[in-house]
Every structure is written in C-alpha cells, then in structure tokens.
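The values are calculated or read from the model by the stated rules, or taken from the named source; none is laboratory data. Not measured: the values here are computed from a predicted model. Cβ coordinates were reconstructed from backbone atoms using ideal geometry, including for glycine residues, and neighbour counts include every protein chain displayed.
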Amino acid sequence: MSYEIIGISVLWFFLYGYLIVASVDFGAGFFAYYARMTKKDHLINQLISRYLSPVWEVTNVFFVFFFVGLVGFFPDMAYYFGQSLLIPGSIAIVLIAIRGSFYAFENYGSKDNSLYMFLYGATGLLIPASLSTALTISEGGFIEETENDVQLLYGELFSNPYSWSVVFLAIVSVLYISAMFLTYYAHRAGDRPALEIVRKYALFWSSPTIIASLTTFIALSQQNPEHFQRAMDLWWVFGISVGFFITALFLVYTGKFYGWAFIAVMLQFFVAFFGYGASHLPYLLYPYVTISNAVTNESMAVALVIVFIAGLLLLIPSLILLMRMFLFDADYVKGEK
Amino acid sequence: MFGFETVEVSRALTAMTLLFHAIFATLGVGVPVLVSIAEFIGIKRKDPHYTLLARRWTRGYTITVAVGVVTGTAIGLQLSLIWPSFMRLAGNVIALPLFMETFAFFFEAIFLGIYLYTWDRFKKPIYHWLLSIPVVIGGTMSAFFITTVNSFMNTPQGFELEEGRFTSVDPLAAMFNPATPTKVFHVISSSYLTAAAVLAGIAAFIILIKKGSLYHKKALKLTMTATFIFAMLTALAGDLSAKFLAEHQPEKLAAGEWHFESEEGADLVVFGTLNENNEVENAIRIPNALSFLAHGDFNAEVEGLEETPENERPPLWIHYMFDLMVSIGFYTLGISLLFLVLWKWKKGNPFHPILLWGVAATGPLTMLAIEFGWIYAEVGRQPWILRGFMTVAEGSTTSPYIGWMFALFAAVYLVLAVGCLLTLRKIFKGKPAELELEHRFPNTAAASREGQS
Ligand code: HDD
Ligand code: HEM
Ligand code: HEM
C-alpha cells in the first residue's frame, strides 16, 4: 500500500473515532438542555455528567489528532483549508472553547445557570454543523483559487442544497448516536427512569437519520456527479450500513441487548463513513487536491507512520484502562464510586 | 482592515493566542510535577497534609487545564488558518513533532481523567500516585515536542530548498536542530519554576491574609524548596540559551543586549534608554559580562548587530523583555534562597510578613517572565517566520477578515479568563483547607491544631 493510502486511512479512522465519541458528547449536551426544559433533568443529567466529565478532553484530542495529522500527511491541505476556512474554522474554535470551558466551569456549582446550559446544548449542535462545512467544501464548487490566494464562496455555500443537507445529516446523526449510547449507558447503570427517556430519544431520532442520509446522497449527485458515481459503485457498502441500522433499531425496539444495539450503530456509521471516504478518493479537495499530489515527502511519511504505530501501542492500553474505569466499571456507572 | 496590514493583524492574533495559551500551558506542564511530589511525600511520611495539598492543587488544576486545552486547540487550528503558506512549506519538514505532540496530549488527557476521578478508588494510595507519572510525562513531552517546532523556526535544518520546495527531508535532523537542547531545557525548567512559584505565592498570600495553619507552612516550605531548585536550573538553562544565541542567532542576542559593534570584552547593558543616534544612555554597564554570557569567557569577542543586514534586524525594544526576564529570574532565585536560609537557620523567621509579600509576588512575576521570555524569543526572530527561508509576510493568510477574527478571539479569551478566575474563586472560597482536613482526616486536624498553639 502506498503511504498516502495508509495516511488517509489512519486519519479517516481517527475522524471516525471522533465522530462517535464526539457525537455522544454533543448529543448529550442537547438532551441535557432539552431534559431541563421539560423538567426531566433530574432523571438523566446525573447519568450524563458521570460519563462525560472524565472523558471530554480525550474526545477533544481525537479532533486535534485529526487535523494535525491531516496537515502533516498532506501539507497542501493546510494551504487550501487554511486560506478558505478562516471564518468557519474560527467559529468552530470559539464554539469548542465555550463547550470545553463548560465542563470545567459547570462542574463547580454553576449547574443552575440556565445560560450556560443553553450554550452547552446549543454548541452541541452548532459544532458539528460548523465542522461539517469542511466536508462540504471538499466536494468542490465552493472555493475559488486565484493567482495568490484561495477564497470561500459564501453565497454559494449558504444557498446550496448539498451544504444544508450535510448540516442536517450531521445534526441528526449526532442526536441519534448519542441517544443510542445513553440508552446503553442507562441500562448498564440500571437506571430505569432514565432508560425510558433516552430510549424514546433513540427511537425518535432514527428515522430523520436515515432520511437525511438519503437526501444527502441525492444532493451529492447534483453537487459532484463523479463522486456520486463512485459511491454508487460501492452501493453494497451502503447496503450493509442500512442493514446495521435496521438491526440496531430492532434491538432497541425489543428492549434487549442495548450493548449490541450500540455496537450495531457504531458499525452502521463505520461502514457508511468508510464507504463515503473511499468513494471520495482520490480527491481530498475536489478538484484541487488529490492524495497523491498533496502527500508529503517519503521520509516524513515513513516517520509519521512509524510514530503512529508506536503511538497506538501506547494509546490502546491507556484507552482500555480509561474505559474500564468509567464505562465498564459497574459500580462507577451506577454512581456508587 | 482597521488601517492595519493583514500580516500585522495576523501577528497580533497569533501573539495574543500564544501569550494567553502560555499562561495555562506553563501551569499545565509544571503543576503536575508539584502535585506528584506532594502526593508522594504525603504517602511516604504518612502525612495527610501533603495528600490534601495534592488534592487541592489538582482541583484548581482541572480548571486551568481545561482552558489550556481549548486555547491549545485554538492555536493548533490557527497555525493553519493564519499561516497557511508557512504550514504548507514547513509542514513537510516539521510535521513529525507536531504529530507526536498529539500522542502526548492523548496520554496526558487519558491519565488525567483517571487521576482526577480515582482518589479514593485504590486500596493502596501508591497506585493512585503512579497515575500521576504519565500525567507528568505527558505534559513535559508536549512541551518538548512543541518547543522543537519552535526551535526549528529559529534554526531550520534537515532539508534542502529547491525551487520553493523542500527536498531531501530528514525529519529527525529538523527536530533536533541546534536550538532544540537549550530551548527545551529552558522552557521546561521555567515551566516547573513558574508552577512552583505560583503555588508558593498562593501559600504565602494565605498565610499573610488568613494567618494560615501548619498546612500552609508545609506547603510554603515545599514550594519554596522547589522554586529554589528550579530557579537555579532555569538560570543555568538561560545562560546556555544565551551561548546558543551567540553562536547560531547572533542578531537576536545583539538586539536584545543593545550590542551594536563587534568587540572583545563586551559589557552587558542593563536597562537604559536609546537616544536618537542609537546610543545607549542611563544604563547600568557590567564590564565584560556580555562576553561571559555569550561565550563563557570575559574577553571573548561578541558579534554586534552591525554585521546583520539592516532589513534583517529585529526590533530593539526586545532589550527590555530580556532584562525584565533576567531580573525576575534573579529575584526569584534570591528570595527563595533567603527563605531557605531563614528556615534552616535556627534564629531565622522565614514567615516574616515582608518576606512573605516578596514570595507572594513571585507567582505573578514568574508568569510575566514567561511572557517576556517568549516575546523576546519570538519578536527577536523578526522579520523571519522561518529564519533565513521565509519571512513573516510571506507566510501569512491573505484573508481580509482577519481583523474580525482578532476581535472575536479577544472577546473569547476575555470570557475564558473571567470564567476561569470566577470558578477558581468559587472552588476555594469558603472552603478553607483546615475545614477539609477536619472532614477528611480528623486525627491530623486535631494534632495540627495542638501543634500550632
Ligand atoms: C520563569 C521564566 C523565566 C526566567 C526566570 C528566565 N527565563 Fe529566559 N526564557 C523563558 C523563561 C524564563 C522562556 C519563556 O521559557 C523562553 C522564551 C523562549 C524560550 O526558549 O524560553 C526564554 C528565552 C530566553 C532566551 C532566548 C532563547 C532563544 O530565543 O533561543 C535567553 C537567551 C534566555 N531566556 C536567557 C535567560 C537568562 C540568562 C535568565 C536568567 C536567570 C532567564 N532567561 C530567566
Ligand atoms: C507559548 C509560548 C509562545 C509564546 C508566548 C509566543 C509568542 C509569540 C509572539 C509574541 C509572537 C509575535 C511576534 C511578532 O509579531 O513580532 C509570535 C509569533 C509566532 N510564533 Fe510564537 N510564541 C510561543 C511559542 C511558539 C511556538 C512553540 C511556535 C511554533 C510551533 C510558535 C509559532 C509562532 C508563529 C508561527 C508566529 C507568527 C510569525 C511571527 O510573527 O514570527 N510560537 N509568538
Ligand atoms: C504554536 C504552539 C502551540 C501549539 C500548536 C499548541 C497546541 C496545543 C493543543 C492543540 C492543545 C490541546 C490539547 C488537547 O486537546 O488536549 C494544547 C494544550 C497544551 N499545550 Fe500547547 N500548543 C502550543 C504551544 C505550547 C507551548 C509553548 C507549550 C509549553 C511550554 C504548550 C504546552 C501545552 C500543554 C502542556 C497542553 C495541555 C494542557 C493539558 O491538557 O494539560 N503548548 N496545546
């Protein structure tokens, strides 16, 4: 395999990791706010904060890893994305800053502050929306390269059905993934009242997710027919993804095997995400950047791959330890520690 | 935008973000070291005072870390957003340590998460202490990696430049460039120093204002010992940094020292002003000291600024940044030494209010020294972003909206700063250490009350 394929696969894998862990976190923010508005917060917010407070920094590092790795493997992306995404990128930073500080500041007593709860809930939806802009513009048609710089065409971005369907898909997926996870977590904690609520959320958000996936596909066929064609060639991959979706829904509906249900959700997104990624290639940013013209020099690529493997050897045991402490330690989950 | 060039606003925004991040990053590197030491002493001496110290420091640390993480994420993205051309070029050579840094973050974040939430979950306290080690390593390694990137910008190597592209790239040579050893040493030692001095300052302040108990006196003794050790290391590292500059970046040293003509036995100019002919006035001159600082020999020749082409000279005001940093370094060294002498000397009173006020000042002062040091190091690299290869103007974004982004981030940092302070106040206000000691370790609390009276 060539370095650029290894590089993009590694990065895509981490972006997938971020997609899952961050969705849990972002969606939980929205549910926490919603539960508060509907006066059910005493039922689920305890559950949310027990899991999320210890891990939000780890979630954030997934994201940092992705973008640092992206400009490391493909330095040209720093130029194109950096030049064009100054405003959306900065807005995303600000939203992340608000959210990150929420965990720190809220933990100590301002729990009753409604403004803060609102920001926490709102950023949970706005961050995925603003980050998804990067994926949208990668389809081409939204930026313009001139003699000495690159500009984002805001008019195009805001009037385009594809960009809106991506935003919609990002938001509903976040809510769906998060609700599925919380259902599993509530079940483990043996917290029946919370389980009842989050299970309803999970069922509710499943249909918008599948609808949004379809509309995004249709919009893609308008925006970038070539990419759409490559995706169609991989139709069976997306078929498998739908299969996992139905499995997950069935398991939650029957009210058993919540753990397996969440695994099915993870597989559903894994398969779809990689199908999307594979059909996106060879372009990183259509039509300017392909993985082969943007990849860094060979010695750097080799060094990065080596570091990546060494890093994983360090990370995987640590992550397992973290999960055993907070996710799989029954007493902790139940709130007895 | 607002009458400024895009590149000037870009620089200002980068400077603002980095100077703000530096506050929290420095504590992020240094505080875990002190927490780990305190927890270890607590376990070895079976003295809950130290355990409580570690616990309370950690509680404050969670807040500063959070701000460090969000501002760090901001810089990481801003490097590409604000300096796209620089990152496109330099990324080919220096991506390795940046990438490794993310692993250090992972490592630190994971173990910090575990450390914070597992104080009472182990039967043997030493297991909990062991968890502090990866946090210390993670923080220090992230400082190491990022500092190699900064070193590379000062003394780039490990590549050849052909037609605007880097070829024959050697990532390890780029990472371990001539600036790396001294810079890393100085950055890490000064982070440890600053954390120790900030914590010492807090302990001193509480003894002054609230009388303090045995707990605070132990805290002060521990942190002042650490301050003294790290201040010595920092001064040593600073001296080595100056010798590095003399050899590899003479224009930065010359501008910082107002040393215009090459000469042997050069004097060190301390503070002072410049008149319109660029002559030094009102300064303290230490004979031959600059030769010693630069080469370890009082008669060595030191290269003057005249040997650098006029358009490649850094601004001269960085002289004050250097002098202020060094003055703070010696002040901290002196006062911590004085404290230790008065403590070891039977008749001395290390808790004399005047001395304590002096100690309380070291916290903010060392933090200022960090900022001055970075301003000296970064502005002293002007006009280069990548010394000798790319100027700042060539590296910057051309986006016309950068001014708005500056305003946006200024507002965000203000909110973060205020939120951080308010939250820290909330955590500690009305929850003095004595009360917590009583609650967690009633026996020790009783003993320490007796010890006091
Ligand atoms: C508590 C903070 C602190 C203290 C007390 C000192 N420094 Fe410092 N200094 C730093 C914190 C710092 C820093 C923030 O860590 C810098 C900025 C960039 C760098 O490499 O380290 C720095 C840079 C820096 C440089 C520039 C290095 C370069 O650009 O490559 C020199 C020559 C010195 N220092 C020298 C000294 C000397 C002789 C000191 C005498 C005691 C001293 N510093 C105290
Ligand atoms: C946290 C410590 C740091 C502080 C406080 C700091 C401070 C500054 C300041 C004040 C400037 C503005 C210089 C000017 O405009 O004249 C600057 C510029 C810059 N610094 Fe640093 N710096 C730090 C570390 C780093 C590191 C580790 C890197 C590299 C990864 C870096 C990269 C840059 C870049 C790209 C610029 C813009 C170009 C320039 O103006 O030279 N800085 N920094
Ligand atoms: C341009 C330079 C810099 C960049 C790009 C940068 C990047 C970052 C990023 C992305 C984070 C967040 C990590 C996370 O999500 O957990 C972070 C945090 C941190 N940075 Fe910086 N940083 C810079 C300068 C520095 C310097 C000069 C130091 C040390 C002296 C430093 C030390 C740290 C530490 C220790 C943290 C972690 C805070 C914590 O989790 O304890 N950084 N930095």
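Any chance segment B:268-281 includes a residue that's within 16 Å of ligand 2 (Cβ to nearest atom) and either under 25 Å from the mean Cα position of the chain (by Cα) or not in a loop (DSSP other than H, G, I, E, B) (or both)?
No.
Read through the list (1) under 24 Å from A:Leu182 (Cα atoms); (2) out of contact with any helix residue (DSSP H, G or I) (no Cβ under 6 Å at 6 or more places or on another chain); (3) of a type outside the set (Val, Ile, Thr), then give the number of the only condition that A:Ala261 fails.
So A:Ala261 meets the others, but not (2).
Going through segment B:150-174 one residue at a time, which ones are surrounded by fewer than 22 Cβ atoms within 10 Å (Cβ to Cβ), within 11 Å of chain A (Cβ to nearest Cβ) and within 16 Å of ligand 2 (Cβ to nearest atom)?
B:Gly158
Taking segment B:355-408 as the region of interest, how many residues are within 16 Å of ligand 3 (Cβ to nearest atom) and farther than 27 Å from B:Lys183 by Cβ?
Residues meeting the conditions: 0.
Any residue that is more than 12 Å from ligand 1 (Cβ to nearest atom), away from chain A (no Cβ under 14 Å) and on the phi < 0 side of the Ramachandran plot - is there at least one of those in segment B:320-332?
yes
Could you figure out which of (1) more than 30 Å from B:Leu89 (Cα to Cα); (2) more than 14 Å from chain A (Cβ to nearest Cβ); (3) among the hydrophobic types (A, V, I, L, M, F, W, C) isn't true of B:Val415?
All conditions are met except number (2).
Hey, among the residues in segment B:200-231 that are of a type in the set (D, E, K, R) and assigned to a helix (DSSP H, G or I), which one's modelled with the lowest pLDDT? Let's see the steps before the verdict.
First pass over segment B:200-231, keeping only residues of a type in the set (D, E, K, R): B:210-211, B:217-218, B:221.
Within this subset, residues satisfying the condition of being assigned to a helix (DSSP H, G or I) are B:210, B:217-218, B:221.
On the way: B:Lys210: 79, B:Lys217: 85, B:Lys218: 86, B:Lys221: 89.
Ranking the qualifying residues of segment B:200-231, first place goes to B:Lys210.
Which ones in segment B:1-58 are among the aromatic types (Phe, Trp, Tyr), more than 15 Å from ligand 3 (Cβ to nearest atom) and at pLDDT 85 or above?
Of everything in segment B:1-58, those that are among the aromatic types (Phe, Trp, Tyr), more than 15 Å from ligand 3 (Cβ to nearest atom) and at pLDDT 85 or above turn out to be B:Phe40, B:Tyr50.
Cβ-Cβ under 9 Å, sequence separation 6+ or interchain: first residue in segment A:89-103 and under 16 Å from A:Ala22 (Cα atoms), partner part of a helix (DSSP H, G or I) and acidic (Asp, Glu). Which pairs?
Close Cβ pairs satisfying both conditions: A:Arg99/A:Asp25; A:Gly100/A:Glu57; A:Tyr103/A:Glu57.
Of the residues that sit in segment B:374-387 and are in contact with a Gly (Cβ under 8 Å, 6 or more places away or on another chain) and within 13 Å of ligand 1 (Cβ to nearest atom), which one is nearest to the other protein chains (Cβ to nearest Cβ)?
Ranking the candidates gives B:Gly380 first.
Here is a check on your reading of the model: is B:Thr234 in a helix (DSSP H, G or I), within 22 Å of B:Gly373 (Cβ to Cβ) and within 16 Å of ligand 3 (Cβ to nearest atom)?
Yes; evaluated as a whole, the condition is true for this residue.
Just checking: which of the helices (runs of 4 or more DSSP H) contained wholly in segment B:75-179 hold 3 or more residues that are of a type in the set (D, E, K, R) and at negative phi?
Passing ranges, in order: B:84-116.
Suppose we filter B:Ala300, B:Ala289 for residues that are at pLDDT below 80 and more than 15 Å from ligand 1 (Cβ to nearest atom); which single one remains?
Numbers: B:Ala289 fails: more than 15 Å from ligand 1 (Cβ to nearest atom).
Checking each option against the conditions leaves just B:Ala300.
For segment B:72-89, indicate whether the set of residues that are more than 7 Å from chain A (Cβ to nearest Cβ) and under 18 Å from the mean Cα position of the chain (by Cα) is non-empty.
Yes, segment B:72-89 contains a residue that is more than 7 Å from chain A (Cβ to nearest Cβ) and under 18 Å from the mean Cα position of the chain (by Cα).
Out of segment B:285-303, which residues are touching a Ser or Thr at 6+ places or on another chain (Cβ under 7 Å) and surrounded by fewer than 19 Cβ atoms within 10 Å (Cβ to Cβ)? Before you say what the answer is, go through the steps one by one.
Step one: filter segment B:285-303 for residues touching a Ser or Thr at 6+ places or on another chain (Cβ under 7 Å), giving B:297-303.
Once the filter is applied, which keeps residues that are touching a Ser or Thr at 6+ places or on another chain (Cβ under 7 Å) and surrounded by fewer than 19 Cβ atoms within 10 Å (Cβ to Cβ), segment B:285-303 yields B:Asp297, B:Phe298, B:Asn299, B:Ala300, B:Glu301.
Taking B:Glu251, is it more than 26 Å from the chain's Cα centre (by Cα) and among the acidic types (Asp, Glu)?
It is false that B:Glu251 is more than 26 Å from the chain's Cα centre (by Cα) and among the acidic types (Asp, Glu).
Residues in segment B:374-389 that are more than 8 Å from ligand 2 (Cβ to nearest atom) and surrounded by 20 or more Cβ atoms within 10 Å (Cβ to Cβ): how many?
Looking only at that region, the number is 4.
Specify the residue that is surrounded by the fewest Cβ atoms within 10 Å (Cβ to Cβ); the eligible residues are those in segment B:94-109 that are touching a Pro at 6+ places or on another chain (Cβ under 8 Å) and at the interface with chain A (Cβ under 7 Å from one of its Cβ atoms).
Checked segment B:94-109; the qualifying residue surrounded by the fewest Cβ atoms within 10 Å (Cβ to Cβ) is B:Phe107.
So is B:Val35 out of contact with any Pro (no Cβ under 6 Å at 6 or more places or on another chain) and either within 12 Å of ligand 2 (Cβ to nearest atom) or closer than 27 Å to A:Val68 by Cβ (or both) or not?
No.
Can you tell me which residue among A:Ile263, A:Ile306, A:Ile291 is β-branched (Val, Ile, Thr), away from chain B (no Cβ under 11 Å) and over 27 Å from A:Trp205 (Cα atoms)?
A:Ile291
Could you tell me which of the residues B:Thr398, B:Thr366 is crowded, with 19+ Cβ neighbours inside 10 Å, more than 11 Å from ligand 2 (Cβ to nearest atom) and either in contact (Cβ under 8 Å) with a residue 40 or more places away in the chain or of a type outside the set (A, V, I, L, M) (or both)?
B:Thr366
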